[in-house]
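Student: The structure that follows is given in the form of structure tokens.
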Amino acid sequence: MSYYQALGLTKEPFSTSPDPAFFFRSSSHVQALTRLEIAIRLKRGLSLILGEVGTGKTTLARTLLGNFAQEDHVVFHIVLDPSYESEYQFLLGLTRMFGVKPAFKSTLDCREAIEHYLFQAGVTEGKTTVLVIDEGQKMTLEMLENLRVLLNYETNEYKLLQVVIFSQMELLPRIKRIKNFIDRVALKYIINPLDEQETSELIRFRLIQAGLPDGRQVFAPEAVRAIYHFTQGYPRKISMVCHNALEALVMHERQVIDEALIQELIRDESRWVQEHLA
Ligand SMILES: Nc1ncnc2c1ncn2[C@@H]1O[C@H](COP(=O)(O)OP(=O)(O)O)[C@@H](O)[C@H]1O
Ligand SMILES: [Mg+2]
């Protein structure tokens, strides 16, 4: 029996996979999501969502896709990891995603095939093509330059390609090096970590999504406060601590996770880091 079943839960509450069902709508995440939806509907071109590791970028990307799932005229293409060997490979990858063939094996021909596709989809068929790029910090200067070219394809009213880049902060200096690039970003948004109240709400939300019986308290308020101070509100860290805490709870056959248990886990964690990573 899994540890979470021992707690009366039906699903794992603190898995680290980016499952939209466990997506807690914090103010920062809601803002990012709402503004992204608007940018896509208005076909404003490029949106850039920045955030440190574990702030929820990939989860947000999946949630965004889910929000458009019923709308056939909005077509998403996703690059989960833009580590291409060259700009040609990147463009070729895009032609494959769009299901088109370049006339010859050159960057120019790839761009032409993509442009043709975008006009066909956008103008003739009335579709919105959205390219979502996760792990945007892995994009090279050349790839960004190519994106800028693709973003130039437009009608009098709107951009033919919508691009949403999710990235760690380290992409910023690279973007700054491309002339006028930052001015073309229609939406720039930095995802902030959660505050203490939201940390508490996220924990509760995920437990309920996992099937926590009504009225059952698992984390004492002091434990939640300790989790907040340790994680500084970063969702991935919160998930990891909570997962370990639940495991410990089941192993020690206790009822409630208290502050002492959290402090013990934090001590173990720092000891491990000291021994293996310092
Ligand atoms: N808004 C949120 N609500 C609930 N869990 C979240 C939220 N944002 C992130 N998480 C959790 O944090 C972890 C890391 O999220 P992820 O989207 O992979 O972050 P990033 O892509 O920014 O590194 C995942 O386990 C995810 O479920
Ligand atoms: Mg991610």
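Student: Over what distance in Å are the Cα centres of the stretch 93-112 and the stretch 175-228 separated?
Tutor: 39
Student: Another question, if that's okay. Which distance in nm do the two modelled labels at T10 and K105 give, with both placed 7 Å along the Cα-to-Cβ direction?
Tutor: 5.3
Student: Let me ask something else. Lys/Arg Cβ at +1, Asp/Glu Cβ at -1, dipole of the chain taken about the Cα centre: which of A210, A103, S83 is farthest positive-ward?
Tutor: A103
Student: What is the set of long-range amide H partners of I78 at a cut-off below 5 Å, with H atoms built 1.01 Å from backbone N?
Tutor: V132
Student: Here is a further query. Once amide H atoms are built 1.01 Å from N in the peptide plane, which residues 5 or more positions from K127, or in another chain, come under 5 Å H to H?
Tutor: Hits under the 5 Å cutoff: G122.
Student: Considering only A32, T10, S47, whose Cα is most displaced toward the positive end of the charge dipole of the stretch 1-58, charges sitting on Cβ of Lys, Arg (+1) and Asp, Glu (-1)?
Tutor: About the Cα centre, the residue reaching furthest to the positive side is S47.
Student: Could I ask something else about it? Say each of V256 and E71 gets a label point 7 Å from the Cα, pointing the same way as Cα to Cβ; how far apart are those two points in nm?
Tutor: Each label point is offset 7 Å from its Cα along the Cβ direction, giving 4.5 nm.
Student: Which order do M240, M251, M139 fall in if you start with the one that has the fewest other Cβ atoms within 10 Å?
Tutor: M251, M240, M139
Student: Suppose R0 equals 25 Å. What FRET efficiency, 1/(1 + (r/R0)^6) with r the Cβ-Cβ distance, do Y158 and R96 give to the nearest 0.05?
Tutor: Taking R0 as 25 Å, the efficiency between Y158 and R96 is 0.50.
Student: Then there is this: Over all Cα pairs of the chain, how is the pair count split among 5 Å bins, expressed in % and running from 0 up to the last occupied bin?
Tutor: For the chain, the pair-distance distribution reads 1, 5, 11, 14, 15, 13, 11, 8, 8, 6, 5, 2, 1, 0.
Student: Which residue fluctuates most in the GNM of the chain (Cα springs below 10 Å): N192, N152, N180?
Tutor: N180
Student: Stokes-Einstein diffusion coefficient for the stretch 127-278 at 10 °C in a medium of 1.306 mPa s, Rh from the Kirkwood formula over Cα pairs: what value in µm²/s?
Tutor: Translational D for this selection: 83 µm²/s.
Student: Using the 10 angstrom Cβ neighbour count as an exposure proxy, how do D214, D195 rank, fewest first?
Tutor: D214, D195
Student: Still on this structure: Once the Cα atoms of helix 235-251 and of the chain are each reduced to a long axis, what angle between those two axes, in degrees from 0 to 90 to the nearest 10, is obtained?
Tutor: 30
Student: Suppose the chain between Y3 and T58 were pulled fully straight at 0.36 nm per residue; how much longer would it get relative to their current alpha carbon spacing?
Tutor: Full extension from Y3 to T58 adds 17.2 nm.
Student: Now for a separate question. For K43, which lysines qualify as cross-link partners when the Cα separation must be under 24 Å and same-chain residues fewer than eight apart are set aside?
Tutor: Hits, sequence-local ones excluded: K57, K127, K159, K176, K179, K188.
Student: Which trypsin sites (Lys or Arg not before Pro) from the stretch 229-278 combine a DSSP loop assignment with at most 12 other Cβ atoms within 10 Å?
Tutor: R254
Student: Additional query: Just report the Cα centroid separation between the stretch 133-153 and the stretch 45-63, whole Å.
Tutor: Taking the Cα centre of the stretch 45-63 as reference, the centre of the stretch 133-153 is 16 Å away.
Student: In debye to the nearest 20, how big a dipole does the chain give about its Cα centre with +1 on each Lys and Arg Cβ and -1 on each Asp and Glu Cβ?
Tutor: That gives a dipole near 740 debye.
Student: At a Förster distance of 25 Å, what's the computed FRET efficiency of V273 paired with L80, Cβ-Cβ distance as r, to 0.05?
Tutor: The computed FRET efficiency comes out at 0.30.
None of the figures in this text is laboratory data; all of them are computed from the coordinates on show. Please read all numbers here as calculations on a predicted model, not as lab measurements. In this analysis, Cβ positions are derived from the backbone assuming ideal geometry, glycine residues included, and neighbour counts consider all displayed protein chains.
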